[in-house]
Amino acid sequence: MDKHIFFTLLSRSWSIVAAAITIILLPHWIDQVHQGYYYTFLSLLGLTVFFELGLNQVIIQFVAHEAAKRDASSANGLDTSKLESLVYTAKRWYLVAAVFFLIIGFAAGTVLFMNKSQLSAREWLVPWGLVVSGTAINLALSSRLAVLEGLGMVSTIYKLRLSQSFIGYSLMWIAMSAGAGLWAVCATSLTAAAATIIFIRKVLSADKVANRIFSARENNHSVSWKKDILPFQWRIALSWLSGYFIFQLFTPLVFMIRGADEAGQLGMSLSIFASLTTVGVSWVLAKAPVFAGMAASQKYVELDRLFNRNLIKAVTFTAAAAAGVWLTLVISRELGIRFANRTLPPHDLISLAIVSVVNCLIFGLAAYMHAFKRDPLVWVSVASAGVTAAAIYYSAHHSVSAVALAYLASNGIFFLPLTVFAFLRFKRNLR
């Protein structure tokens, strides 16, 4: 385990700890209706993928490929002209995307919450606006972090994310304990925005290469968006847009169809097992820039060896953690511990536990193919999004238990086999 994997795991492990603390404490501070609003807030923030359109993933891979071309004997052998062109355009892309997200995201959430008005507008309207504003700022700044990650500063970026999350959650818990309700949710996104601004300024003052890349005042057109970026980005964009329907749509749909109570149960349960997937897949994602460099250098044997080793670790951890968490929730429910009754029943949690392992494998296989600046999963993702969205919509009219089973069926029976097939075909075509 090198420092990049260590800090990636540390950051993502904290997400499990933070989710666990939140799950335990929420029932003491807010009722089940407010819990439904809380988790619906979080799911709606995933709408950023409709504005970011996968560009961050493209930036990481593009920068890593360019960095792999430099003379290994020279620390300053990186030709920054293409990166300057990329960053110049990306900064403007993200500024426009952030403004559109601020307007459209706020409007979409407002319409949903007003149509399901279990709380008065004064309890959720301004908090929702602040949460969206903080997220929009983070979206506008995210391309800078993607460039630094592509340059190999993975451990540094995850140190930043760890500190953002720790401070943000701590402030949120303090605010909730003081009775702030949904106002407390603003702490995480606003803290992340402030920390990112401070971090970027520190990096630019200390790193000459980063400062030169980010300081470009005009586009030198070394990068052709149509030729160098778009062929990869449109596939990533479609995959990520599809991912929202596959992974994020559940809570808002259940909120709309069944109300805040059941949306809160589902949202909390999804949050628990999604956190496990996030940590598990870190063994793969922490090496994404390394994979991209090996792919650019055509070191396929070394790439396969490193990838296989890390994928096995990722899936093994996720499976063990999911089993342990499920057992903990079952025992907690039997002992009458309050937070356990805010989640789905044990038989539904089994479905989500299995899906967490399935998703870890899907994300890992996708990361391998992305290292080659390709995304053969694009149409698989689109088809899976359609199947999942339809299954969740119809199952939500039946029961939340049906939603959990539909999620397992769509990902385990449909999405995973198609992903494995696409991965194996991709590997054969490399030979």
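Counting only residues that are open to solvent by 10 Å² or more (accessible area, probe 1.4 Å) and small (G, A, S), which one in segment 409-431 is farthest from A367 (Cα to Cα)? Residue satisfying both the conditions and the ranking: A409. Does K82 qualify as being at pLDDT below 75 and either of a type in the set (S, T, Y) or closer than 30 Å to K226 by Cβ (or both)? No: the conditions fail for K82. Got at least one residue in segment 344-360 being part of a loop (DSSP other than H, G, I, E, B) and touching a helix residue (DSSP H, G or I) at 6+ places or on another chain (Cβ under 8 Å)? For segment 344-360, residues part of a loop (DSSP other than H, G, I, E, B) and touching a helix residue (DSSP H, G or I) at 6+ places or on another chain (Cβ under 8 Å): present. In segment 285-298, the count of residues that are open to solvent by 40 Å² or more (accessible area, probe 1.4 Å) and outside any helix (DSSP H, G or I) is one or more.
Considering only residues that are open to solvent by 50 Å² or more (accessible area, probe 1.4 Å) and among the aliphatic types (A, V, I, L, M), look in segment 299-327 and name the one that is farthest from Q57 (Cα to Cα). Taking the candidates together, the pick is L327. Within segment 24-42, the presence of at least one residue that is open to solvent by 30 Å² or more (accessible area, probe 1.4 Å), modelled with pLDDT of 85 or more and among the aromatic types (F, W, Y) is confirmed.
Within segment 354-390, the set of residues being among the small types (G, A, S) and more than 20 Å from L249 (Cβ to Cβ) comprises G364, A367, A371.
Regarding segment 352-363, can at least one residue be identified that is at pLDDT 90 or above, of a type in the set (G, A, S), crowded, with 22+ Cβ neighbours inside 10 Å and over 14 Å from F415 (Cα atoms)?
Scanning segment 352-363, I find at least one residue that is at pLDDT 90 or above, of a type in the set (G, A, S), crowded, with 22+ Cβ neighbours inside 10 Å and over 14 Å from F415 (Cα atoms), so the answer is yes.
Could you tell me whether any residue of segment 122-139 is open to solvent by 50 Å² or more (accessible area, probe 1.4 Å), in contact with a helix residue (DSSP H, G or I) (Cβ under 7 Å, 6 or more places away or on another chain), charged (D, E, K, R) and more than 25 Å from L53 (Cβ to Cβ)? For segment 122-139, residues open to solvent by 50 Å² or more (accessible area, probe 1.4 Å), in contact with a helix residue (DSSP H, G or I) (Cβ under 7 Å, 6 or more places away or on another chain), charged (D, E, K, R) and more than 25 Å from L53 (Cβ to Cβ): present. Suppose we filter segment 215-266 for residues that are touching an Asp or Glu at 6+ places or on another chain (Cβ under 8 Å), surrounded by 21 or more Cβ atoms within 10 Å (Cβ to Cβ) and of a type in the set (S, T, Y); how many remain? Residues that pass the stated criteria total 1. In segment 365-408, of all residues being open to solvent by 20 Å² or more (accessible area, probe 1.4 Å), touching a residue at least 24 places away in the same chain (Cβ under 8 Å) and not in a helix (DSSP H, G or I), the one that is farthest from A237 (Cα to Cα) corresponds to H397.
For first residues located in segment 267-296 and closer than 16 Å to F62 by Cα, partners that are of a type in the set (S, T, Y) and modelled with pLDDT of 85 or more and lie 6+ apart or on another chain with Cβ distances below 8 Å form the pairs F291/Y368; M294/Y300.
The values are calculated or read from the model by the stated rules, or taken from the named source; none is laboratory data. Not measured: the values here are computed from a predicted model. A quick note on method: Cβ atoms are made from the backbone with ideal geometry, for glycine too, and the neighbour counts reach across all protein chains shown. For accessibility, only protein heavy atoms count, side chains too; no ligands or nucleic acids. Shrake-Rupley method; radii C 1.70, N 1.55, O 1.52, S 1.80 Å.
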